[in-house]
Number of protein chains: 6
Amino acid sequence: MVYVTRKIEFSAAHRYHNPAFSAEENRRIFGKCNNPNGHGHNYVLEVTVGGETDPVTGMVLDLKELKDILEREIMNRMDHRFLNYEVPELADQIPTCENIAALIWRLLTPKIKKGRLTRVRLWESSDLYVDCYGDGAK
Amino acid sequence: MVYVTRKIEFSAAHRYHNPAFSAEENRRIFGKCNNPNGHGHNYVLEVTVGGETDPVTGMVLDLKELKDILEREIMNRMDHRFLNYEVPELADQIPTCENIAALIWRLLTPKIKKGRLTRVRLWESSDLYVDCYGDGAK
Amino acid sequence: MVYVTRKIEFSAAHRYHNPAFSAEENRRIFGKCNNPNGHGHNYVLEVTVGGETDPVTGMVLDLKELKDILEREIMNRMDHRFLNYEVPELADQIPTCENIAALIWRLLTPKIKKGRLTRVRLWESSDLYVDCYGDGAK
Amino acid sequence: MVYVTRKIEFSAAHRYHNPAFSAEENRRIFGKCNNPNGHGHNYVLEVTVGGETDPVTGMVLDLKELKDILEREIMNRMDHRFLNYEVPELADQIPTCENIAALIWRLLTPKIKKGRLTRVRLWESSDLYVDCYGDGAK
Amino acid sequence: MVYVTRKIEFSAAHRYHNPAFSAEENRRIFGKCNNPNGHGHNYVLEVTVGGETDPVTGMVLDLKELKDILEREIMNRMDHRFLNYEVPELADQIPTCENIAALIWRLLTPKIKKGRLTRVRLWESSDLYVDCYGDGAK
Amino acid sequence: MVYVTRKIEFSAAHRYHNPAFSAEENRRIFGKCNNPNGHGHNYVLEVTVGGETDPVTGMVLDLKELKDILEREIMNRMDHRFLNYEVPELADQIPTCENIAALIWRLLTPKIKKGRLTRVRLWESSDLYVDCYGDGAK
């Protein structure tokens, strides 16, 4: 088994706000992230696929196919978007790094047919990232 | 003369839209950056101050003072903001990296009293940055 | 389960010297790191906390609380310090990256109340880092 | 147990070509990587050794010894080489990142006597890397 | 005047060899870079264009146009190539970082119509880069 | 003219203290950097040499010679040293990034015989660096 990781970047805006909280609670819990107009990030996504190396191609999976999947599932959905308003799966969630990474896991895992998704790492900034792993993954 | 550069980061959202253009022109010229809800970035700002090294302190300027200036003039104004709606100086401009860097130049240059502001470099993403220089600067 | 990693940096000096060795042995084993006056590094610390995402906040833990813990336990103890002389827990140890990382693990693990500390990664330079993991951690 | 990771870099050329394929198939499967003259990369290798910290030295292993092993086994074999023609172990394989990383694993694992090799990570470019792990490794 | 810099990456192989030298001289002067089969790098290119910001678009130049120029003039010519054999302009030169950067300057400078090319920076590895500047540039 | 930049790293300790100040003034002006035991950094040094490319070698200067100069003049003097006590040229100065960079400029400029030293950039941490330039340099 080897594990191949591909990195991509996307830019998005978001806002942290829970309608069940009062304005004051939202401000206290989410701080500047509760700013009504939102703010944004350059997200860096690392997607890891584990599998056997195919002896004919020397590859675990075709990186062009992986790129197409990432384009279709992630870039089209999230790049240059305001995540709260334009990504339906996040409509009822706080679009934290934790929740976005978990959504990316759910979006990608059924699409990877050669090998198996073993880790999604999402960087929100140069000092913060979140990892999601599948069962039995490294 | 030596030149001291300090780096800081802030997160902000923005949208490119010129009300003088039709919807179609805006889309053609600004592409995904015209998305009505906006998107965002982790901006990295490098501020360079040139001057003589003070023999008593070994420093061109007090970095704590510079940090206070950056906090007051840049972080408070731009961090966790939607630039189009919350930075009045950008209200009538497209908030491109060019225009934000030029604004930062105008905001900082009168505040630097020890030494002289010689360059503002603003990174919008890992593959794009803009430089503004003063007269006679390196 | 998701895993949140926060990065911080601190600057410290240290010296490798085992009083049980002769001067020559110390020099042979520790090389330039045995220099009597010491030398220093910009340490980069990555702290990983694993846990369930709280559906109300979208977070595994409050990052402001984590920042306070890191400030109190790590920055106050180690930043701008000479580790051999100013960190009592390292007084009888060689302050290698291995030993500092293990100490950070011991300092932080009882303080993380929401989620669980699962990895401490300490970079001593751009080409050397050490990882400590807890039981059952990724 | 702690895990020490050392990073090194080497520069090499390679070409993807399977003689069992037609020219057209090679082009379709390997794209620009099939270019007959080859192309190249700055490879970044991260080697992780896990073990107990020796209380006398504060180290899992002697980093000078590790450096010698990496120099002898990896740098001498691969640095400034055309991998297809100059690394005999890769002569019958496509020199993909997967296959090079697996070879590095096989070359290094018997040479690490203090501690145990637990991960080989090989970066081919800033957006692609491959990991190989041993049994029971993190 | 502001200065916009765009970064791109390409992978290429090269070999240092001057046919006017003896084999021994080539080896002595160029060291491992004289290896007959060649070796390779991930080159990182930073292209800087200086100009006035257009008040209508907020931009010095259209980054999509710049991307097209870089694709046509640089990527198509150099990416996934063996520079000695596939870039005719380098056929009679040692393809050092100095000569490649100077060639990129000559290729790009007539193509930049809005603003003016003011710097080409070419990284051959993480610890080596070369700059070419035009007249009067920063 | 082209400009070649080589990067190297060294680790050193230092302390900011002016014996002409009272203890309280030292503490107020230099903050944590006044800690009596000192602290340290991984310094990153970028040395730029400008010159004509030699048509016979394709190089501005022999990088092996530059490496030897940097080894002899900088690494031997500063790497794994406590700068205040072991670098005589800094004995009467505060070893700030400004003063260290200026010293490196003075040490290197007479040693560069092929081409001319045009910039010394010294990073003290990932968010602070200092530049020294010669006359007429870019």
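The values are calculated or read from the model by the stated rules, or taken from the named source; none is laboratory data. Here the structure is a predicted model, which is why all the values come from computation and not from measurement. Reconstructed Cβ throughout: ideal geometry from the backbone, glycine too, with neighbour counts over all protein chains shown. Remember, those area values only see protein heavy atoms, side chains included, never the ligands or the DNA or RNA. Shrake-Rupley method; radii C 1.70, N 1.55, O 1.52, S 1.80 Å.
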Subject >> Interface size D-C, as summed buried accessible area [1.4 Å probe, Å², nearest 100] >> reply: 1600 Å²
**OP:** Would you work out the charge dipole size for chain C about its Cα centre, treating the Cβ of every Lys and Arg as +1 and the Cβ of every Asp and Glu as -1, and quote it to the nearest 20 debye?
**Re:** 80 debye
Original post:
When ligands, DNA and RNA are left out and all protein chains stay put, how many square angstrom of accessible area per residue does region D:2-132 have with a 1.4 Å probe?
Top reply: 40 Å²
**OP:** Using a/c under 1.5 as the rounded threshold, could you call the protein assembly as shown rounded, prolate or oblate? The axes a ≥ b ≥ c are square roots of the C-alpha gyration tensor eigenvalues, and prolate needs a/b larger than b/c, oblate otherwise.
**Re:** rounded
Subject >> Across the identical copies, how the B:R72 labels are spaced - nm, sorted shortest first, 7 Å along Cα→Cβ >> reply: 3.2, 5.1, 5.1, 5.5, 6.2
Subject >> Normalised alpha carbon radius of gyration of region F:2-132 [divisor 2.2 N^0.38 Å] >> reply: 1.18
Original post:
In the neighborhood of C:L122, defined by Cβ-to-Cβ distances under 12 Å, what is the net charge if each Lys or Arg adds +1 and each Asp or Glu adds -1?
Top reply: -2
Subject >> Threshold 10 Å² - residues in region E:34-51 whose accessible area is reduced by that much or more when the chain is no longer isolated, probe 1.4 Å >> reply: E:N35, E:N37, E:G38, E:H39, E:G40, E:H41, E:N42, E:E46
**OP:** Order the peptides F:107-119, C:76-88 from the highest to the lowest mean number of other Cβ atoms within 10 Å of their residues.
**Re:** C:76-88, F:107-119
Subject >> Placed amide H near A:M59: partners under 5 Å, 5+ positions off or other chain >> reply: A:D54
**OP:** Would you work out if region E:85-138 is rounded, prolate or oblate? Take a ≥ b ≥ c from the square roots of the eigenvalues of the alpha-carbon gyration tensor; rounded if a/c is under 1.5, else prolate when a/b is larger than b/c, oblate otherwise.
**Re:** oblate
Original post:
Of A:Y85, A:P55, A:A101, which is farthest along the charge dipole of region A:29-138 in the positive direction, counting Lys and Arg as +1 and Asp and Glu as -1 at C-beta?
Top reply: A:P55
Subject >> 7 Å along Cα→Cβ, label-point gaps from D:A20 to other copies, nm, shortest first >> reply: 5.0, 5.7, 5.7, 6.4, 7.9
Original post:
What is the calculated FRET efficiency for D:V56 to F:A91, with r their C-beta to C-beta distance and R₀ = 35 Å, to the nearest 0.05?
Top reply: 0.45
Original post:
Exactly which chymotrypsin sites (Phe, Trp or Tyr not before Pro) in region D:1-62 are in a DSSP loop and have at most 12 other Cβ atoms within 10 Å?
Top reply: none
Original post:
Looking at this model, which pairs from A:K64/E:K67; C:K32/F:K32; D:K7/D:K114; A:K113/E:K67 are more than 23 angstrom apart at the alpha-carbon?
Top reply: C:K32/F:K32; A:K113/E:K67
Subject >> Shielding score for E:74-82, defined as the mean number of other chain Cβ atoms within 10 Å >> reply: 3
Original post:
Quick one: putting +1 on the C-beta of Lys and Arg, -1 on the C-beta of Asp and Glu, what dipole do you get for the protein assembly as shown around its Cα centre, in Debye to the nearest 20?
Top reply: 0 debye
**OP:** Determine ³J(HN,Hα), in whole Hz, for all residues of region A:13-20 in sequence, where each value follows from phi through the Karplus function 6.51 cos²θ - 1.76 cosθ + 1.60 and θ = phi - 60°; x replaces Gly and Pro.
**Re:** 10, 7, 8, 9, 7, 10, x, 6
Original post:
Taking all protein chains as present, what is the carbon and sulfur share of the accessible area of the protein assembly as shown, in % to the nearest whole number, probe 1.4 Å?
Top reply: 50 percent
**OP:** Per residue of D:84-91, count partner chain C-beta atoms within 10 Å of its C-beta, then hand back the mean as an integer.
**Re:** 1
Original post:
Hey, what do the phi angles of region D:32-41 turn into as Karplus ³J(HN,Hα) couplings, whole Hz, using 6.51/-1.76/1.60 and θ = phi - 60°, x for Gly and Pro?
Top reply: 5, 5, 8, 2, x, 7, x, 8, x, 8
Original post:
Averaged over peptide D:117-126, how many Cβ atoms belonging to another chain are found within 10 Å of each residue's Cβ?
Top reply: 2
Subject >> Helical contribution to [θ] at 222 nm, DSSP H n ≥ 4, -39,500 (n - 2.57), averaged over chain D, rounded to 500 >> reply: -6000 deg cm²/dmol
